[in-house]
1. Of Leu60, Leu29, which residue is of a type in the set (A, V, I, L, M, F, W, C) and in contact (Cβ under 8 Å) with a residue 24 or more places away in the chain?
2. For segment 29-77, which positions are modelled with pLDDT under 80 and among the basic types (Lys, Arg)?
3. Taking segment 1-20 only, how many residues are touching a residue at least 12 places away in the same chain (Cβ under 8 Å), outside any strand (DSSP E or B) and surrounded by 12 or more Cβ atoms within 10 Å (Cβ to Cβ)?
4. Has segment 43-50 got at least one residue that is surrounded by 10 or more Cβ atoms within 10 Å (Cβ to Cβ) and in contact (Cβ under 8 Å) with a residue 24 or more places away in the chain?
5. Within segment 1-34, how many residues turn out to be under 24 Å from Pro46 (Cβ atoms) and not β-branched (Val, Ile, Thr)?
6. Of everything in segment 21-65, what is hydroxyl-bearing (Ser, Thr, Tyr), part of a loop (DSSP other than H, G, I, E, B) and closer than 16 Å to Thr5 by Cβ? Give them in sequence order.
Amino acid sequence: MKAATVPAGEFKAKCLKLIDEVAEKRKPLVITKRGKPVARLIPEPPQKQQLYGSMKGSVLWEGDIISPIDVEWDAMK
């Protein structure tokens with residue numbers, strides 16, 4: 001797979017946009033100066049998510065749902 005190239009002047013003018021594209025497409029970008037490669041912009045590898053605490057804030061607590069209530073249901077008659 002050949003990496004895309006961009007001249008240094010264009011990279012300077014569109015730096016933030018190009019960084020976002022590299023992050024989104026997950027493909028490296030070679031920056032050239034006078035047609036020769038001088039730098040390579042590569043995407044950061046995905047961060048490993050820790051298992052412990054990964055579901056924090058995803059559970060809704062509704063109180064005690066097990067204890068009987070004082071109201072008799074029609075189905076119990």
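1. On inspection, the qualifying residue turns out to be Leu29.
2. Listed by number, the list holds a single entry, Lys77.
3. Going through segment 1-20 one residue at a time, the tally reaches 5.
4. No, segment 43-50 contains no residue that is surrounded by 10 or more Cβ atoms within 10 Å (Cβ to Cβ) and in contact (Cβ under 8 Å) with a residue 24 or more places away in the chain.
5. Qualifying residue count for the region: 17.
6. Selection gives nothing.
The values are calculated or read from the model by the stated rules, or taken from the named source; none is laboratory data. Everything numeric here is computed off the predicted structure, so don't read it as measured data. We place every Cβ from the backbone using ideal geometry, glycine too, and count neighbours over all the protein chains shown.
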